[in-house]
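Encoded as structure tokens, the structure appears first; notes follow it.
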């Protein structure tokens, strides 16, 4: 497989969009429900924790920078355990992509296409995701690089136009209203969100200038959180924590507040479609990783034959995974975070095991030298 | 390799355009018979036999392509003159060894098949009894069109001349602009029957070696009956032949071709075509016009931004209208919504069908406008304006806003300078309209993403199609969305990867004190 195709700049821009996509679109309401005015503090605490986490995952990837995790993992854990773990990862990524796809299907159908069935939206977006995955990771990251500026402009114009609607006297609450419990529960949910940065372990051989990865990731965390913070603060200043908490898609409602010179009444379909591209990117990378890992487990030379069949599975899974938005939200609010800690913790276990093995090897080598 | 990329062919090391050589020795009759057999039933070929210095001499040429008067005066008169040579040996020595005739560029050959090809190329072949060598004299005289004004790529301020069909005239125009020995023109011959001359032009030192080799290799692999236009080659050397996007730039302007040579690109001239191909290409080049570099940068930048805006209009405007009227009426102000709804009230078709009727009618009108004889061209305009515009609205078949949308889209597509790229955008409008009619803005987004990922994946001779935005090269952005002033564009675009990236240095003026 051809490696070294993604520049550090592409990685940086991709990660910013990756953080921004669903956290803003689908999770903002829940975060504000948990942490209220502490959401900003929660974001930055989570950023810090995730930076430490990223440091260790990059350390693991850096030990064998030109090899894929699926390939070198068997040197760390016994072969069958590793294969099972990788199989689990492939399924987990497929599930994640299907989950985000389902969230998006529900969102679009409820908001704009009330008479369109979920399968139609899922099918067409699934097809685009499959084509993207088929074209490979280089296309995916280049796509993100091009879309970044469009999304940034859309987000900034959103922020500028919404400015006059905000209730600025609420700002005091950011200083006065704090709750330790809110910060803890909020951070518990946001850390695994940002912790999805562990996908780096799987795509590390594709990166160029690998030594700069931590720097890119650090910038991505800072800039990504900055972008999210601005949006969250605006949400809190516009609706306040209680109303935000009761809205299914608070960002959508915020965008709907925009009025430009009494000409454009509602910009939301336009801005939402631009934001949708970030969701598409997130689904695509998750799906691509699922396909890539499966191809690597079966030692296929090319991942492409698997894309369309797995995409069909992803769409089917997205349609069947829950009875409705309520069940989906309940999974997200109650179980997802803990499950995500488990998934994201595995690379750390690999790192520990690898370090232990190296340590034992060194010690035995020393002993042999002495004897 | 993507869905639209070319399946890899087995590379044949032997060039597709080589043919076996034939040597027939010193015998005069055998060679004359070969020519007569080869050119039998070709009454435009002249076979002439004469004796010069007691030596039989054969002359073969294509009547309509040779300046006979010049041949008589400069060659024949001397050969038959008894003063020219006293013996057969001296005749051969003077003619074939020293080539002492007053015509330049005469060549000597022994391969009779090559001689046949040269006859067809307008050369005069002279051969003698007793010597296997033949003399090929280039006294070609062909009717050709004079250099005229550009027909399609017009500019307000800038050179007016355009390429013509004759390859030599075209190359002269380039040589007049780039007076450097580093400008190379390598000739190839393509086409089993047409034997068309193809010239690959590049500037040594600015153009990447790999690019030149790749272009030559791809052209050499083509084994085709005939090449009657550069498009024949274009489609054969494309990386992604199934893609609707053009992967090489075409121009009729020598200044554009010269500018692209100076950027380190390759220009392919094909004899008989006034439009050479420029390689490699990025999408943004199709939105640049020669005018941009002749006007001041403020104006050029504004016009260029306008072009991008109209590119979006050309691709998305009808789809956007369909999406809004069908799915998102809340996006437009109430008063506008009411007037749109009122005008659509009598129309029996849904927005999508209405848009399709109008778009297809417009495309038909456009095509008819190009193909109709000039004398009745005006009628098309009248028919179009009355029937498609006014009457269709009055009859309640289409709504007035739709006529406005289609007209604006039509104008928008003509603002894009490159015809083939504009056409691609016009074509892609239709599937997006279907998506917008089915899924609203979400469908529009899906359509755009599909086009976008395809374009991201495209590349022309190794250069990504969306370069310098994806992959991002900030230094090359000076000539993409805006046209930066010349004094800022000091470096050549890096995508061609030339070793000499420096393009401009401005020495500090001596009279810096002239500030007041």
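How many angstrom lie between the C-alpha centres of the stretch A:1-66 and the stretch B:27-96? Spelled out, the Cα-based centre of one part sits 84 Å from the other. At full extension, residue A:157 and residue A:184 could sit 6.4 nm farther apart than now, given 0.36 nm per residue minus the alpha carbon distance. For the stretch B:167-281, the direction-averaged projected area of the alpha-carbon convex hull comes to 6.5 nm².
What's the center-to-center distance, using Cα atoms, between the stretch A:196-217 and the stretch B:441-504 in Å? A separation of 25 Å, based on Cα centres.
Compare the peptides A:357-370, A:54-67 by average per-residue count of other Cβ atoms within 10 angstrom and give them in order, highest first. It would help to have the intermediate numbers written out before the result.
Details: A:357-370: 9.6, A:54-67: 17.1.
Highest mean packing first, the order is A:54-67, A:357-370.
The calculated FRET efficiency for residue B:149 paired with residue B:42, based on their beta-carbon distance and R0 = 60 Å, is about 0.95. Across the stretch B:362-516, Cα-Cα pairs farther apart than 23 Å form 62% of the total. Exposure proxy for B:107, B:243: other Cβ atoms within 10 Å of each Cβ, ordered fewest to most, give B:107, B:243.
Computed over the Cα atoms of the stretch A:52-101, what is the ratio Rg over Rh, Rh following Kirkwood?
Details: Rg = 12.8 Å, Rh = 12.2 Å.
Ratio of gyration radius to Kirkwood radius: 1.05.
Dividing the mean sequence gap of close Cα pairs (under 8 Å, 6+ apart) by how many residues the stretch A:8-370 holds gives a relative contact order of 42 percent.
Label-to-label distance for residue B:224 and residue B:142 is 1.7 nm, based on points extended 7 Å past Cα in the beta-carbon direction. Oblate is the label for the stretch B:40-89, because the ratio a/c of its alpha-carbon gyration tensor axes (a ≥ b ≥ c) is 1.5 or higher and a/b is not greater than b/c. Could you tell me which of rounded, prolate or oblate describes the stretch A:147-246, using a ≥ b ≥ c as the square roots of the eigenvalues of the alpha-carbon gyration tensor, with rounded for a/c under 1.5 and, failing that, prolate when a/b is larger than b/c and oblate otherwise? Cα axes put the stretch A:147-246 in the oblate bin. Please work out the C-alpha center-to-center distance from the stretch B:310-375 to the stretch A:331-370 and express it in whole Å. So the separation of the two Cα centres works out to 61 Å.
Taking 0.36 nm per intervening residue step and subtracting the Cα-Cα distance, what contour gain separates residue B:477 from residue B:427 on full extension? Write down the numbers at each step before the final one.
Numbers: separation 50, 0.36 × 50 = 18.00 nm, distance 2.80 nm.
The residue B:477-residue B:427 span can extend by a further 15.2 nm.
Counting neighbouring beta carbons within 10 Å and listing from fewest to most, the residues A:127, A:314 come out as A:127, A:314.
Per-residue mean of foreign Cβ neighbours for B:120-131 is 0 (Cβ atoms of other chains, 10 Å radius).
Taking a virtual spin label 7 Å from the Cα of residue B:312 along the C-beta vector, which residues in the stretch B:400-415 bring their backbone nitrogen under 15 Å of it? Residues passing the 15 Å test: none.
Each Cα pair under 8 Å and six or more residues apart adds its sequence gap; the mean of these over the residue count of chain B is a relative contact order of 14 percent. Of the residues A:271, A:194, A:292, the one that moves most in a GNM of chain A with alpha-carbon contacts below 10 Å is A:271.
Listing B:427, A:306, A:236 from fewest to most neighbouring C-beta atoms within 10 Å gives B:427, A:306, A:236. Rounded to the nearest angstrom and listed largest first, the equivalent-ellipsoid semi-axes of the stretch B:28-137 from its Cα gyration tensor are 21, 15, 13.
For chain B, what percent of Cα pairs sit more than 39 Å apart?
Details: 58489 of 132870 pairs.
In whole percent, the long-distance tail amounts to 44.
Taken residue by residue and averaged, Cβ atoms of other chains lying within 10 Å of the Cβ of B:478-489 number 0. The overall shape of the stretch B:111-236, judged from the alpha-carbon gyration tensor, is prolate: a/c is not under 1.5, and a/b is greater than b/c. Working ranking of peptides A:152-161, B:138-147 by packing, defined as the average number of other Cβ atoms within 10 Å per residue, highest first, is A:152-161, B:138-147. Taking a cut-off of 55 Å, what percent of all Cα-Cα pairs in the protein assembly as shown are separated by more than that? For the protein assembly as shown, the share of Cα pairs beyond 55 Å comes to 29 percent. Each label was represented as a point 7 Å from its Cα along the Cα-to-Cβ direction; for residue A:52 and residue A:243 these points are 3.8 nm apart. Modelled spin labels at residue A:119 and residue B:73, positioned 7 Å past Cα toward Cβ, are 8.5 nm from each other.
Can you work out the base-10 log of I(q)/I(0) for the stretch A:271-371 at q = 0.10, 0.11, 0.12, 0.21 1/Å, using the Debye formula on its C-alpha atoms alone? Listed by q, the Debye log ratios stand at -0.53, -0.61, -0.69, -1.24.
What average count of beta carbons from other chains do you get within 10 Å of the Cβ of residues in B:204-217? Kindly include the intermediate steps, with their values, before the conclusion.
Values: counts 0, 0, 0, 0, 0, 0, 0, 0, 0, 0, 0, 0, 0, 0.
Mean number of neighbouring Cβ atoms from other chains: 0.
Every number here is computed from the coordinates shown, using simple stated rules; none is lab data. Since this is a predicted model, take the numbers as computed values, not measurements. Backbone-built Cβ (ideal geometry, glycine too); neighbour counts: all protein chains shown.
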